[in-house]
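Inspection log for the structure reproduced underneath, given as structure tokens.
The values are calculated or read from the model by the stated rules, or taken from the named source; none is laboratory data. This is a predicted model, so every value here is computed, not measured. We place every Cβ from the backbone using ideal geometry, glycine too, and count neighbours over all the protein chains shown.
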Amino acid sequence: MDAGTFSDPAVIDVANQRYVPIRVDADRRPDVNERYYLGGWPTTSALTPDGDVLQGTTHLEPQEMADFLDHTADAWRDRGQELRARVRAARQIRSRSGSAADLASIDRLRSTLLAAFDPEYGGFNFPFKLAQTPAIRFAIARASEDSDDEMRRVAEKTLLGVDKLWDDDRGGFYRYAANPDWSSPGGEKTLEDNAAILEVLLDASIQLKLEHCERRAADLVRWVTGFMADRTGSGFFNSCAAGSHVVDVAMYVDSNAGMVSACLRAASYFDDPWLRDFALKSLEDVILSGYVPGGGVAHEHLKPGSANPATRGLLGDQVRTASALIWAHGATGRLPYSMLAVELAQFAIRTMWDEAAGCFRDRGQSGEDRGLLAEPVWPMTLNCEAAVVLDRLASLTGDSAYHDRAMAILCAFAQEYREYEVFGAPYALAVREVTEQRRVPALNLSRVEWHLEHD
């Protein structure tokens, strides 16, 4: 799009003459991406002066884009007041969707996975294949802990498919496969995706004793630490582009926290003290360097002298860092890790908890927010992750208030998760852990001997 559509003189002319062009990096501003993403990158959205979406599109050829921009600007010129009223009327208000957690979600998701399962190639019946890691983790857990043979079949066949996303020449897992048989893998290799796949491979190695998953987990650790890590210092890079294999060396806190958690698990499984120490150093140097007492962690690790300040106050950064800190506490027994996990949870509760909705918003709000940034978003997957983190903190601290808040989140999404079908797996995983106390293997949650006042 940069080299073609957005470089076309006709597109440049209409964009500059009839709009105020603004470019946003979706990785740097996941809160903007959450609100304006239209199903593909790059997303092009035409906004009102208030920041609401008039029209949007993804990939268009130059003339199509010029026409789209012109027609949308004409509509605003001719019917601006009508369109403004229409988009404002579409804004949503959320309330709690249930009075209790849906304990039947575990059986419901099992049925959903079986109905969507592709018995020929593994994975689930979509036009393309993804490593749908929460669904796979659910199947592994059911196969192992409940002796569920059908879920074992789903897990094992799908893991063989996911392995086809591995780049045999350069290493790392691609984002997706274009075809149902897992052929034509493509998309960039992201730190977030590879961290999630490493967790799945470790689950399969520990719970299903699958040797090929153990070998691939070791391959993945070597690729991450050799190609996606700053071995001169610490931390993990954001992504590796498809085709050019250029590495985006930005370091984002949420994805780094996910990889730290996965590497701490891998270090324990493979008995690798170097990996453990590198993960802990990355946690402290990259993630916690952006911590402000009472203000949580920043979204991006910036080098000294960076022109723009890092975005702060995002739920994903607080939740995933708190999770990594819990793993670090389990790996080392060091109390400051668990204490800081509690502090980040308290920061999220103070600034992002929505009492009416019974769950977290994706970001803190301020009076300066405009457009859709002024509108709350309640992300299901992140809230399910938050529920798990809160319940783990309840076990660590003995403070039942964290468990109660985790249960409130499960109540809040007790109906909505069903709309996501296979993608509702994070809810069922959270129900298993929060209501049945079924923890991830090798997670140490022994009680700590300190107390921190909570809100």
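Within region 214-244, the set of residues being assigned to a loop (DSSP other than H, G, I, E, B), in contact with a strand residue (DSSP E or B) (Cβ under 7 Å, 6 or more places away or on another chain) and of a type in the set (S, T, N, Q) comprises just one member, 238. Considering (1) assigned to a loop (DSSP other than H, G, I, E, B); (2) crowded, with 19+ Cβ neighbours inside 10 Å, the lone condition that residue 276 does not fulfil carries the number (1). Tell me, please, whether a residue that is of a type in the set (Phe, Trp, Tyr), within 30 Å of residue 115 (Cβ to Cβ) and in the same structural domain as residue 294 (by TED's automatic domain parsing) can be found in region 398-417. Yes, that holds for at least one residue. Within region 240-256, which residues are without any contact (Cβ under 8 Å) to a residue 60 or more places away in the chain and buried (at least 17 other Cβ atoms within 10 Å of the Cβ)? Once the filter is applied, which keeps residues that are without any contact (Cβ under 8 Å) to a residue 60 or more places away in the chain and buried (at least 17 other Cβ atoms within 10 Å of the Cβ), region 240-256 yields only 251. For region 165-222, the set of residues classified as of a type in the set (Lys, Arg) and buried (at least 18 other Cβ atoms within 10 Å of the Cβ) consists of 175, 189, 216, listed by residue number.
Somewhere in region 393-405, is a residue of a type in the set (Val, Ile, Thr) and within 30 Å of residue 268 (Cα to Cα)? Yes, region 393-405 contains a residue that is of a type in the set (Val, Ile, Thr) and within 30 Å of residue 268 (Cα to Cα). Taking the criterion of being in contact (Cβ under 8 Å) with a residue 24 or more places away in the chain and of a type outside the set (A, V, I, L, M), the residues of region 354-371 that qualify are 354, 358, 359, 360, 361, 362, 363, 364, 370, 371. For region 281-305, a tally of residues being among the small types (Gly, Ala, Ser), free of Cβ contacts under 8 Å to residues at least 40 places away in the same chain and either farther than 18 Å from residue 254 by Cβ or not assigned by TED's automatic domain parsing to the domain that holds residue 251 (or both) returns 1.
Here are the criteria: (1) under 18 Å from residue 196 (Cβ atoms); (2) among the hydrophobic types (A, V, I, L, M, F, W, C); (3) touching a Ser or Thr at 6+ places or on another chain (Cβ under 7 Å). Tell me which single one residue 278 does not satisfy. If we test residue 278 against (1) under 18 Å from residue 196 (Cβ atoms); (2) among the hydrophobic types (A, V, I, L, M, F, W, C); (3) touching a Ser or Thr at 6+ places or on another chain (Cβ under 7 Å), just (1) comes out false. When 181, 203 are checked against the criterion of being in a helix (DSSP H, G or I) and either in the same structural domain as residue 270 (by TED's automatic domain parsing) or within 22 Å of the chain's Cα centre (by Cα) (or both), a single residue qualifies: 203. Residues of region 115-145 that are surrounded by fewer than 19 Cβ atoms within 10 Å (Cβ to Cβ) and assigned to a helix (DSSP H, G or I): 115, 116, 145. In region 1-60, of all residues being crowded, with 17+ Cβ neighbours inside 10 Å and hydroxyl-bearing (Ser, Thr, Tyr), the one that is nearest to residue 365 (Cα to Cα) corresponds to 36.
Condition (residue is among the basic types (Lys, Arg), under 17 Å from residue 197 (Cβ atoms) and modelled with pLDDT of 95 or more) applied to region 143-154: is it met by at least one residue? Scanning region 143-154 turns up no residue that is among the basic types (Lys, Arg), under 17 Å from residue 197 (Cβ atoms) and modelled with pLDDT of 95 or more. Only one residue in 86, 96, 35, 18 is modelled with pLDDT under 90 and more than 30 Å from residue 431 (Cβ to Cβ). Which one? After ruling out the rest, the residue left standing is 86.
Just so you know, in region 386-400 the residues that are among the hydrophobic types (A, V, I, L, M, F, W, C) and without any contact (Cβ under 8 Å) to a residue 60 or more places away in the chain include one that is surrounded by the fewest Cβ atoms within 10 Å (Cβ to Cβ), and it is 394.
The single condition from (1) under 22 Å from residue 32 (Cβ atoms); (2) among the charged types (D, E, K, R); (3) modelled with pLDDT under 95 that residue 300 fails is (3). None of 27, 70, 31 is assigned to a loop (DSSP other than H, G, I, E, B) and over 13 Å from residue 5 (Cα atoms) except 27. Quick one: in region 288-332, which of the residues that are assigned to a helix (DSSP H, G or I) and touching a strand residue (DSSP E or B) at 6+ places or on another chain (Cβ under 6 Å) is nearest to residue 440 (Cα to Cα)? By that ranking, first place goes to 318. Mind checking whether some residue in region 44-52 is assigned to a strand (DSSP E or B) and of a type in the set (A, V, I, L, M)? Scanning region 44-52, I find at least one residue that is assigned to a strand (DSSP E or B) and of a type in the set (A, V, I, L, M), so the answer is yes. Residues being surrounded by fewer than 24 Cβ atoms within 10 Å (Cβ to Cβ), at pLDDT 95 or above and under 18 Å from residue 319 (Cα atoms) are entirely absent from region 414-429. Beta carbons closer than 7 Å, at least 6 apart along the sequence or on distinct chains, pair a first residue in region 257-280 that is touching a residue at least 60 places away in the same chain (Cβ under 8 Å) with a second that is of a type in the set (S, T, N, Q) and part of a helix (DSSP H, G or I) for 257/321; 257/323; 260/282; 261/323; 269/205. Selection of region 339-374 for residues being closer than 13 Å to residue 297 by Cα and among the basic types (Lys, Arg) yields only 363.
Among the residues of this structure, residue 215 counts as one that is within 27 Å of residue 444 (Cβ to Cβ), charged (D, E, K, R), over 19 Å from the mean Cα position of the chain (by Cα) and at pLDDT 95 or above.
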